[in-house]
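A.B. asks: The following block contains the structure, expressed as structure tokens.
Laboratory data are not the source of any read-out in this text; all were calculated from the coordinates shown. Predicted, not measured: the structure shown is a model, and the values here were computed from it. Heads up, the Cβs are rebuilt from the backbone with ideal geometry, glycines too, and the neighbour counts pull from every protein chain shown.
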């Protein structure tokens with residue numbers, strides 16, 4: 001049996017999904033699937049290095065302009081690129097232009113790293129996802145084609161029913177919970193040919209549906225705390241990532257909390 005590939009360095013680029021929202025840490029920061037994946041890779045590689053250039057709210061043009069060349073220059077064994085969903089979920093979007101930016105990014109990254117990973121991003125099932133489904137299908141089909149042409153690995157998160165389950169999504173209805181991020185980390189791990197630790201596609205137990213009052217209360221909280229601020233940013237041309245730096249800007253050894261190498 002062939003031994004799995006060893007990855008000694010990992011660079012993640014993208015938007016809030018790769019930054020780790022809403023997998024909240026006690027200090028108010030975010031963990032997320034990329035940090036989880038890095039920790040697992042670092043556990044068996046003492047000299048493992050990691051960078052996460054993702055910033056919340058970024059569109060594919062911003063990812064292409066601000067992150068891709070930086071990531072390519074790092075020459076990592078493993079690079080993940082996830083982007084474009086923020087674009088296609090906007091009222092007006094040129095999906096062909098989004099695909100063109102993805103291709104230019106992949107063209108720069110693929111020769112500069114050992115293995116490039118792309119993703120069909122997860123989406124919470126419901127009327128919003130259904131409304132934009134044709135755009136999403138065009139984007140995901142193009143990602144599949146890019147992977148074939150450039151030798152990338154595709155992780156199909158959208159096709160996993162469990163990641164569409166509303167219980168996998170945080171109160172903002174835009175970002176995965178901690179369990180959702182854990183499943184994404186496992187999905188990427190397995191897509192890289194590494195030995196499975198769990199079945200990441202396993203459905204959640206049957207749900208006990210909340211009553212009408214609880215649902216309406218959740219809708220009101222969502223509108224007040226998340227939807228209205230989001231609309232306000234759109235109307236004023238602002239982004240949640242404006243002025244925000246990546247949490248791991250440089251490709252550095254992955255540190256344990258006690259200062260020794262191996263894990264953060």
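A.B. asks: Calculate the FRET efficiency for residue 166 and residue 25 from the Cβ-Cβ distance with a Förster distance of 22 Å, rounded to the nearest 0.05. Could the numbers behind the result be given before it?
C.D. replies: On the way: r = 23 Å, r/R0 = 1.06.
The computed FRET efficiency comes out at 0.40.
A.B. asks: If the chain between residue 129 and residue 5 were fully stretched, how many nm would it gain, using 0.36 nm times the residue separation less the Cα-Cα distance?
C.D. replies: Full extension of this stretch gives 41.1 nm more.
A.B. asks: Between residue 69 and residue 137, what is 0.36 nm times their sequence separation minus the Cα-Cα distance? Round to one decimal in nm. Could the numbers behind the result be given before it?
C.D. replies: Working: separation 68, 0.36 × 68 = 24.48 nm, distance 2.73 nm.
Length gained, residue 69 through residue 137: 21.8 nm.
A.B. asks: Same structure, new question: Quote the FRET efficiency, to the nearest 0.05, computed for residue 244 versus residue 97 with a Förster distance R0 of 30 Å and r equal to the Cβ-Cβ distance.
C.D. replies: Details: r = 25 Å, r/R0 = 0.82.
So the FRET efficiency works out to roughly 0.75.
A.B. asks: I've got another one for you. What full-extension length gain, to one decimal in nm, is calculated for residue 191 and residue 144 as 0.36 nm per residue of separation minus the Cα-Cα distance? The partial results should precede the final answer.
C.D. replies: Working: separation 47, 0.36 × 47 = 16.92 nm, distance 1.41 nm.
In short, 15.5 nm is gained.
A.B. asks: Give me the distance in nm between label points sitting 7 Å out from Cα along the Cα-to-Cβ direction at residue 156 and residue 177, one decimal.
C.D. replies: 2.6 nm
A.B. asks: Computed from the mean reciprocal separation of all distinct C-alpha pairs, what Kirkwood hydrodynamic radius does the range 120-171 have, in Å? Walk me through the intermediate numbers first.
C.D. replies: Numbers: mean 1/r = 0.0841 Å⁻¹.
In the range 120-171 this quantity evaluates to 11.9 Å.
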